[in-house]
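This report refers to the structure that appears directly beneath it.
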Amino acid sequence: MLKAVSSVGSILNFAENKEGLDSLIKLRKTTDFYCPSCNGSVVMRLGQKKVWHFAHRAHAPCVDPWEVESSYHLSGKEQLYRWLRNEHADVEVETYLPEPRKRPDLFLKSRNLAIEYQCSSIEEALLQHRSDSYYQSGLDVWWILGKSRLRSKYRFIHSVSSMEWAAVKMINHTPILFYYCPFEKLFSLVVPQYSLTPTKIVCTSQIISLETTSITSLFQPHVTTLSHSHINWIWLKQKRIWRMNPHGEKSYAYFYMRKLLYKKGGTLRLFPSEAGIPSSSNYWIETPAYLWQSWISLVFLQNLRPKSTFTLHHLSNSFKELISRGIIKVRTQSFEEGIELSLRGYLSQLITLSVLKKRGDRYEKIHQPAMHHSVEIALKSDERVLSNLS
Ligand SMILES: [Zn+2]
């Protein structure tokens, strides 16, 4: 922690400290310091490896023991504090909030915003629970992840863990992941575009220097999208993996669909080319697209007579039944709207492919997607279908 209260009641904040080493060493000898959250006794650490800070004594954990304070975390927190202070004089470091009983790294009172700089790995449920505590107290939360967590497989493909999904910030209905590196003093903004597998995510990203931005402009980011040819290339590659090696993931959805297609005389690798395609907001569904889209194409649509119509609500109800049975998985922080956005995104692609036609708020089935007879034919057809998408 960067802040402590002295035995005479004054606050020493290392994020703002102007004292030199000698006078601090003197102060340390003559004064005791206490944690502002739990009043526990703390030790002043004036080493060379880490930013100067206070630490609880080993046997006395705090009321809100949270992030393990690495040097990376302490430096980042200090830099973010100074940066925020340029725009908001009311920013506070490590303020204990009695209402959610939490001590966020930073707190912006004027925006009712708790800011957490998260560098270590924690359970997704813990992170979600912490966010919920803030929401229940009427506060918003902004998670900034340590840049060292950012794992890019290759350009546009990121590995995003479920914990990171829980740290997403929604800005203008767009999920955005924020990372910060205290060495380079850079923010990385990662914007999920499509989910390929539960953790393999197609993203666009942007690097922004701390010194040239403000929280106001960070919260109005210019979100870029990928070119059509890039999207096609990525999805074609992914479809090849699904067809050549469908055993890659052994989820409930995988076994469920494998059994269903087997009954229909096919195998999973011969799924229709109209499934496993990019569609907007598909990232709210954790289950890979080729599985849930095959269910829509081959089960839901198959049960409809030609020319008959259905509504999004109708599809969504059947789909939610699969979710409640644990067959299809959605992102934990996904809201009902997210599932409908994903379904709507896919239906709109099926309209482009002339599988469906829109009639007012209903969808009419025009063409029934079918399984392929061989992987070679399927791969050729995939290429054609992807190039027909807009
Ligand atoms: Zn404490």
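Per-structure values
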| item | result |
| --- | --- |
| Those residues of region 267-283 which are assigned to a loop (DSSP other than H, G, I, E, B) and open to solvent by 10 Å² or more (accessible area, probe 1.4 Å), in sequence order | 267, 274, 280, 281 |
| Enumeration of residues in region 294-312 that are outside any helix (DSSP H, G or I) and open to solvent by 20 Å² or more (accessible area, probe 1.4 Å) | 302, 303, 304, 305, 306, 307, 308, 309, 311 |
| Residue within region 56-65 that is among the β-branched types (Val, Ile, Thr), open to solvent by 40 Å² or more (accessible area, probe 1.4 Å) and within 15 Å of the ligand (Cβ to nearest atom) present | yes |
| Residue among 376, 364 that is farther than 16 Å from residue 275 by Cβ, modelled with pLDDT of 95 or more and open to solvent by less than 90 Å² (accessible area, probe 1.4 Å) | 364 |
| Boolean, residue 75 is under 31 Å from the mean Cα position of the chain (by Cα), more than 11 Å from the ligand (Cβ to nearest atom) and open to solvent by less than 80 Å² (accessible area, probe 1.4 Å) | yes |
| Pair list, Cβ under 6 Å, 6 or more apart: region 169-195 residue part of a loop (DSSP other than H, G, I, E, B), other residue open to solvent by less than 10 Å² (accessible area, probe 1.4 Å) | 182/76 |
| Matching residues, region 101-151, being over 16 Å from residue 165 (Cβ atoms), in a strand (DSSP E or B) and either of a type in the set (Val, Ile, Thr) or without any contact (Cβ under 8 Å) to a residue 12 or more places away in the chain (or both) | 115 |
| Residue match in region 337-356 (condition: of a type in the set (A, V, I, L, M), closer than 19 Å to residue 252 by Cα and surrounded by fewer than 22 Cβ atoms within 10 Å (Cβ to Cβ)) | yes |
| Selection count, region 131-157, where residues are over 22 Å from residue 216 (Cα atoms) and either touching an Asp or Glu at 6+ places or on another chain (Cβ under 7 Å) or open to solvent by 10 Å² or more (accessible area, probe 1.4 Å) (or both) | 13 |
| Residue list for region 17-55, restricted to those being within 16 Å of the ligand (Cβ to nearest atom) and either outside any loop (DSSP other than H, G, I, E, B) or of a type in the set (Phe, Trp, Tyr) (or both) | 33, 34, 41, 42, 43, 44, 45, 53, 54, 55 |
| Sole exception among (1) over 25 Å from residue 181 (Cβ atoms); (2) loosely packed, with under 13 Cβ neighbours inside 10 Å for residue 49, by number | (1) |
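The values are calculated or read from the model by the stated rules, or taken from the named source; none is laboratory data. Just so it is clear, the structure is predicted and the values come from calculations on it, not from any experiment. Positions of Cβ are backbone-derived with ideal geometry, glycine not excepted, and every protein chain shown enters the neighbour counts. Just so you know, the surface numbers come from the protein's heavy atoms only, side chains and all, with ligands and any DNA or RNA stripped out. Shrake-Rupley method; radii C 1.70, N 1.55, O 1.52, S 1.80 Å.
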